Ligand SMILES: [Fe+2]
Ligand SMILES: [Fe+2]
């Protein structure tokens, strides 16, 4: 499986050098579901994103000269360019959230310390394995968000458009770090042990860091004692749609299989819906709405996305329920 699926998705990686005009209006204090518990859960994930993106770029760049396969090298260069743009745009978003008084900068400083420890104590090959592990987390998060866009119904569309651009590009390059590692280090028993050790270590870093950030932001935002909001967030994360529960068995655990490859879960149809609309319009907001329409049709539901005024056309009445 791993060998046969290895080339899937290589032609998907495409760098789009986009600038998003985000502001405190389009990134409000509680931008996800009007719920501080849900918002700070995702803020806890997004806080280290700019520094994390720069580190995975750096670790992929260190392996470039060891790559035998020109298609892996080409995809790696596209991946590096994509991550550079993601880091820049998430810096803007994080600065706005910091402006609301939520200390994402302190959480990012913690990741800077973790990054410098990894760079000091790990070989380039082990950092490449860690990059593959962390990129699997971003692939999982992107996959679950692509499947459940309804959780962004209360998010300003301009911010959702930026996040969906990132989810799509994370999916486009979801196998690149993995294949860079396999091509540069080898996929035998040594490569397998390094890969699963890296995932165990990445999990031991990611899970406590996320929960620490989450509680710290809630505390600083004086939102810890909001039991109804906490219960709503717990329902969304653990029950319906189960954003944190669902991917554990179906997407996280398979990484430990010797034959695993990121494209074993082939979700290209999800990103193609966004890409078709973006390639037609050149507009991430239009692409987000087209994605919502496609997703609603695919799952036979009403499109519940709030339709922005400037996208309403006379011949195309709003289809949201
Ligand atoms: Fe990214
Ligand atoms: Fe990525």
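Going through (1) surrounded by fewer than 21 Cβ atoms within 10 Å (Cβ to Cβ); (2) in a helix (DSSP H, G or I); (3) more than 16 Å from ligand 2 (Cβ to nearest atom) one by one, residue 144 falls short only on (3). Residue 242 meets all of the listed conditions (1) more than 16 Å from ligand 2 (Cβ to nearest atom); (2) under 18 Å from residue 42 (Cα atoms); (3) assigned to a helix (DSSP H, G or I) but one, namely (3).
Please determine whether any residue of the range 13-28 is part of a helix (DSSP H, G or I) and modelled with pLDDT of 95 or more. Checked the range 13-28: no residue is part of a helix (DSSP H, G or I) and modelled with pLDDT of 95 or more. Summed over the range 217-239, residues that are free of Cβ contacts under 8 Å to residues at least 12 places away in the same chain and under 20 Å from the mean Cα position of the chain (by Cα) total 1.
Restricted to the range 172-193, and to residues there that are buried (at least 20 other Cβ atoms within 10 Å of the Cβ) and more than 13 Å from residue 128 (Cα to Cα), the residue that is nearest to ligand 1 (Cβ to nearest atom) is 173. Looking only at residues in the range 82-126 that are surrounded by fewer than 18 Cβ atoms within 10 Å (Cβ to Cβ) and within 16 Å of ligand 2 (Cβ to nearest atom), which one is farthest from residue 181 (Cα to Cα)? Once the filter is applied, the top-ranked residue is 91. Taking every residue in the range 270-285 that is over 20 Å from residue 139 (Cα atoms) and pairing it with any residue that is loosely packed, with under 14 Cβ neighbours inside 10 Å, at least 6 positions away or on another chain, yields no pair with a Cβ-Cβ distance below 6 Å. Checking the condition in contact with a helix residue (DSSP H, G or I) (Cβ under 9 Å, 6 or more places away or on another chain) and not in a loop (DSSP other than H, G, I, E, B), which residue from 116, 128 passes? Sole residue among the options that is in contact with a helix residue (DSSP H, G or I) (Cβ under 9 Å, 6 or more places away or on another chain) and not in a loop (DSSP other than H, G, I, E, B): 128. On the stretch given as the range 147-178, residues that are away from ligand 2 (no atom under 13 Å from the Cβ) and in a helix (DSSP H, G or I) total 13. Taking the range 65-107 as the range and being part of a helix (DSSP H, G or I), over 17 Å from residue 50 (Cα atoms), touching a helix residue (DSSP H, G or I) at 6+ places or on another chain (Cβ under 7 Å) and in contact (Cβ under 8 Å) with a residue 60 or more places away in the chain as the test, the residues that pass are 66, 71, 72, 75, 76.
The values are calculated or read from the model by the stated rules, or taken from the named source; none is laboratory data. Treat the numbers as computed from the prediction; the structure is a model and nothing was measured. Quick reminder, even Gly has a Cβ in these numbers, built from the backbone with ideal geometry, and neighbours come from all protein chains shown.
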